[in-house]
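Take a look at the structure set out below.
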Amino acid sequence: MNTHNAVGAWTQGPTPPNFDGADVLLAVQNIREPVHVVHAPDGRVGVALAGKVTPSELVNGKPWFPLMATLPPLYPEWLGDRSFCEVHGTRYPYVQGAMANGIATARMVIAMCEAGFLGFFGAAGLALPRIEAAVDELVAAVGDRTNWGCNLIHAPQEPDLEQATVELYLARGVRRISAAAYMKLTPMVVQYAATGLRELPDGRIARRNHVFAKISRPEVAAHFLNPAPAEMLDALVASGKLTTDEALLARRVPVAEDFTVESDSGGHTDNRPLGALFPVIVALRDELVRKHGYARPIRVGAAGGIGTPAAAAAAFSLGAAYVLTGSVNQGCVESGLSDAGREMLATAGLADVTMAPAADMFELGVEVQVLGRGTMFAMRGRRLHAAYARYASLDAIPAEERARLEKQVLRLTLDEVWANTEAFWRERDPRELDKAAADPKHKMALCFRWYLGLSSRWAITGEPTRRLDYQIWCGPAMGAFNSWVKGSHLEPVEARRVVQVARNLVEGAAHITRAQQLRTYGVAVPAAAFDFRPRELS
């Protein structure tokens, strides 16, 4: 018997140690009990539950096994950074992402909040009255809970809406925002982050508002990791949006303390693989923490491709403080997507996604990742952007091509599209009409954005005549999720509830983490230990 590396002895209790196949699997799955790694007389490494551990081989004549290690209980709640749960009032290190246009509904956020997860309402793309109604619903439902928030999206075309949204959040007590699509800081997001900063008697700085910066590039992460620019803070003080004390304290803390590293995902994405992107952002975080001497923890979470327990476990193994899911929640019954849209998502495979022009940043050539299967939106959107890039105005489009766009894509004449577009912007922001009158290229962009914007709303309302035009933001996580739940209680569309999905993902991640722990100690862990199947969890 090899006892060279033993740290003690284990004597059998009610159950014998396990060294092979199915017996090892059963022991691995008991993640909420301590597990002992032991050696058999023939040199095999196995696992044991219960029994008795002694510091030596003095076991009073009872059969004993050299003890190589004891692993404590493993709970899903412990997978991420403990400060995440402490700061944000959650039970689990898991975030439900802010899917735009209200697809991440108030109903969804409330369900996640009550179950101990953190949820964000999808405010992007909505008019202010709609956002206000959702915030009021959330405030009334969640009480004193802190594990919820709303989206704040960078709106380069509508800065007044971005400002009004921040003012609404500050007035209504929204203490957490998911800041998305930012390439640089704006005064609005800085105002939100710095409002309410105060110094405690012991010199520490307390935050009232928390920014979750959704990033996929180091240069963007750096904006949020550094203190806000002094000139921006001074301007906010001069305009009365910050106090002098708040601006002074903002020079000593980062804009955000939670960073969601977004890899290949639905919606706005750079399609980066998490394994390459995440360590770069963590290294940047560590560098800037040293540079500025930050005392408060800065957490880095992972998003994009999180559709299975294995993906969640992989993210945590990279060091993620939390994981964030998006596409898989969109397919749940609490989402704002139509029944038809959710049925389309439920049939998606791993490769059934594609890139298409983004409505909010159409002129910049920015793209979003969408569902490709069952819809022609991406192809039609690309045709519109090609026309925009090629021609100087609507009148410059050749008659034959114009007729094809009207018949095959828009299904209205361009004159009718402009009439609808004009009516929308007259109510939303008349200044856009002034710009269109002065710039024919801008008028063309507004017309084409009409189609891009409505395509996502058709998917939400379930407009039957426009099914081929549905724009459904979706990443490869959806196909992975569909493969994982096949044959389980989560396969039917009507059974996909956001809390059940979240609980299965974190529970499964804990099981897979335990299996990997034991494998690193030399246990012959069967492959089935890495295949957590969905189950009803309470």
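Bear in mind that the values in this text are calculations on the coordinates, not laboratory data. Since the model is a prediction, treat every value here as computed from it, not as a measurement. So basically every Cβ, Gly included, is an ideal-geometry build from the backbone, and we count neighbours across all protein chains shown.
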Completion exercise
Rh_Kirkwood(region 79-337) over Cα pairs, Å, one decimal, evaluates to 18.2
Completion exercise
To the nearest 0.05, the calculated FRET efficiency linking Ala141 and Arg91 through their beta-carbon distance, R0 being 25 Å, is 0.90
Handout entry: Cα-derived Rg over Rh, computed across region 186-284 with Rh taken as Kirkwood radius
Key = 1.04
Handout entry: Dipole magnitude (debye, nearest 20) for region 342-469, charges at Cβ of Lys, Arg, Asp, Glu
Key = 300
Problem - Over region 164-253, relative contact order from alpha-carbon pairs under 8 Å, at least 6 apart, % - result: 32
Practice task
Give the span of region 414-538's Cα atoms along each principal axis, as three whole-Å numbers ordered largest to smallest.
Solution key: 72, 31, 24
Practice task
Could you list the square roots of 5 times each eigenvalue of the Cα gyration tensor of region 342-469, that is, the equivalent ellipsoid semi-axes, sorted largest first and rounded to whole Å?
Solution key: 26, 16, 14
Practice task
For the chain, would you read off the P(r) tail past 34 Å as a percentage of all alpha carbon pairs?
Solution key: 45
Problem - Whole-number D in µm² s⁻¹ for region 2-137, Kirkwood Cα-pair radius fed into Stokes-Einstein, 20 °C, 1.002 mPa s - result: 115
Handout entry: Stokes-Einstein translational diffusion, region 235-373 - Kirkwood Rh over all Cα pairs, 1.306 mPa s, 10 °C, in µm²/s
Key = 89
Completion exercise
Per the helix-only model, the chain has a calculated mean residue ellipticity at 222 nm (DSSP H runs of ≥4, -39500 (n - 2.57) each, divided over all residues, rounded to the nearest 500) of -12500 deg cm²/dmol
Exercise for the section: Read phi for every residue in region 519-532 and hand back ³J(HN,Hα) as whole Hz from Karplus 6.51 cos²θ - 1.76 cosθ + 1.60, θ = phi - 60°, with x for Gly and Pro. Expected result: 5, 5, 8, x, 6, 7, 7, x, 4, 4, 5, 9, 10, 6
Completion exercise
Taking a label point 7 Å from the Cα of Glu343 along Cα-to-Cβ, the residues of region 353-389 whose backbone nitrogen sits under 17 Å from it are 373-376
Exercise for the section: Taking just the C-alpha trace of region 358-421, give me its Rg and Dmax in Å. Expected result: 12.3, 34
Completion exercise
Sorting Phe424, Ala392, Leu518 by the position of each Cα along the dipole of region 381-524 (Lys, Arg +1; Asp, Glu -1; all at Cβ), the one nearest the positive end of that ordering is Leu518
